[in-house]
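The values are calculated or read from the model by the stated rules, or taken from the named source; none is laboratory data. Note that this is a predicted model, so its numbers are computed, not measured. Glycine also receives a Cβ, built like all others from the backbone with ideal geometry; neighbour counts cover every protein chain displayed.
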Amino acid sequence: MANKDNKKVIYWLLTGCLLIFIMVVVGGITRLTHSGLSISSYKLISGTIPPLNEAEWIAEFEHYKQFPEYQKLHNHFDLEDFKDIYFWEYIHRVLGRLLGIVFIIPFFYFLFKKQLSKSTIKKALILLFLGGFQGFLGWYMVKSGLVDRPSVSHYRLAMHLTTAFITFAYTFWVALDLIYPTKKVVDTHFRNIVRFAMAVLLLQIIWGAFVAGLDAGWIHNSWPLMADGKLIHETVYIEQSPLWRNFVEGKSGVQFIHRYMAYIVVGIIIYMWYKARKMNLTKLQKHGINALLFLVVVQFILGVFTLLLQVPVTLGVLHQVTAFFLLAAMTFVLHRFSK
């Protein structure tokens, strides 16, 4: 391999992918344990150090008491309860800072050592922008829960989560560009199917974030039908007005979209797998398609049990993690069918 875009650069990018994955896992735990509003101020440098003694903990807790989450939901909390929710949000923010350091410092090192090609420099700049934008969206999301209501905007949550997934996918794509500089287009029609599948999967991830942000997983906890044995429960289309708002702001409507879009995602991937069986594929392409099929089945099953059991933390996190792996597999497959 040439000096530019060498193995160190690949390891750097893959380390970034790993850290984004860990961030998403911790972010999922933070959300499911309702810990995301426990730190109500943002201090880039000093915020890296948590309270170190009882006086600092009390001061932090008193600050938390000034905001809606404590006043409307957690006014029964004592200091130990506060410490429990503080932990996950603190870890999430520290990981965000670490991720920024891991991306920025090696980037300038490789740039100084002239170990990046012009193409990789451009892609790395996009990654740095995405990382900074992701940090901004995290602050923007938390801010929405500190004014009048004790919860964050589900729109901002969706932006924050989806940007994390996209940042991971793009980082992984850049790494794949360096690992496999020679790509092969087997069938442009099939590539377009994969692109369509990727778009639908991203939409499903967005609606999954809507479900999380609205706590819509705690209703209609039956499958395959919704509540009262109905395919489409009447609350799907009567919660909001006008009608379209039900599908982006109504709990039932949002769950309805996420629930039935899952069938579309599964159907598309099964179709891809079936069609790929008749094609002359490389081993990597076959492995990628098989991984997609396996992961989408696991994800579907996890989704069903997460719904039936009313979103226990473990299953909720596993459901989000598997979505992450599913996106990674889709990214890999698309890469192996691109020029």
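Return yes when Arg149 is among the basic types (Lys, Arg) and part of a helix (DSSP H, G or I) and no when it is not. Break it down into steps so the answer makes sense when it comes.
Details: among the basic types (Lys, Arg): yes; part of a helix (DSSP H, G or I): no.
In short, no.
As for region 188-198, it holds at least one residue that is under 16 Å from the mean Cα position of the chain (by Cα) and outside the structural domain of Tyr86 (by TED's automatic domain parsing). Mind listing whichever residues of region 57-112 are closer than 23 Å to Met23 by Cα, in contact with a Leu (Cβ under 8 Å, 6 or more places away or on another chain) and of a type outside the set (D, E, K, R)? Hits for region 57-112 are Leu95, Leu98, Leu99, Val102, Phe103, Ile104, Phe107. For beta carbons closer than 8 Å, sequence separation of 6+ or different chains, a first residue in region 114-129 that is within 15 Å of Trp173 (Cβ to Cβ) and a second that is aliphatic (A, V, I, L, M), the qualifying pairs are Thr120/Val9; Thr120/Val174; Thr120/Leu178; Lys123/Val174; Ala124/Leu116; Ala124/Val174; Leu127/Val174.
For region 137-188, how many residues are of a type in the set (A, V, I, L, M), modelled with pLDDT of 90 or more and more than 30 Å from Gly250 (Cα to Cα)? Can you show your working first?
Taking region 137-188 as the starting set, the residues that turn out to be of a type in the set (A, V, I, L, M) are 137, 141-142, 146-147, 152, 157-159, 161, 164, 166, 169, 174-176, 178-179, 185-186.
With modelled with pLDDT of 90 or more added as a condition, the list becomes 157-159, 161, 164, 166, 169, 174-176, 178-179.
Among the residues that remain, those that are also more than 30 Å from Gly250 (Cα to Cα) are: 174-176, 178-179.
Counting residues in region 137-188 that are of a type in the set (A, V, I, L, M), modelled with pLDDT of 90 or more and more than 30 Å from Gly250 (Cα to Cα) gives 5.
Looking across region 191-230, the residues that are of a type in the set (Phe, Trp, Tyr) and either part of a loop (DSSP other than H, G, I, E, B) or touching a His at 6+ places or on another chain (Cβ under 9 Å) (or both) come down to Trp207, Phe210, Trp223.
For region 269-296, which positions are aliphatic (A, V, I, L, M), over 17 Å from Met198 (Cα atoms) and either surrounded by 14 or more Cβ atoms within 10 Å (Cβ to Cβ) or under 23 Å from the mean Cα position of the chain (by Cα) (or both)?
Leu281, Leu284
Taking the criterion of being farther than 21 Å from Ala164 by Cα and either outside any helix (DSSP H, G or I) or among the aromatic types (Phe, Trp, Tyr) (or both), the residues of region 1-37 that qualify are Met1, Ala2, Asn3, Lys4, Asp5, Asn6.
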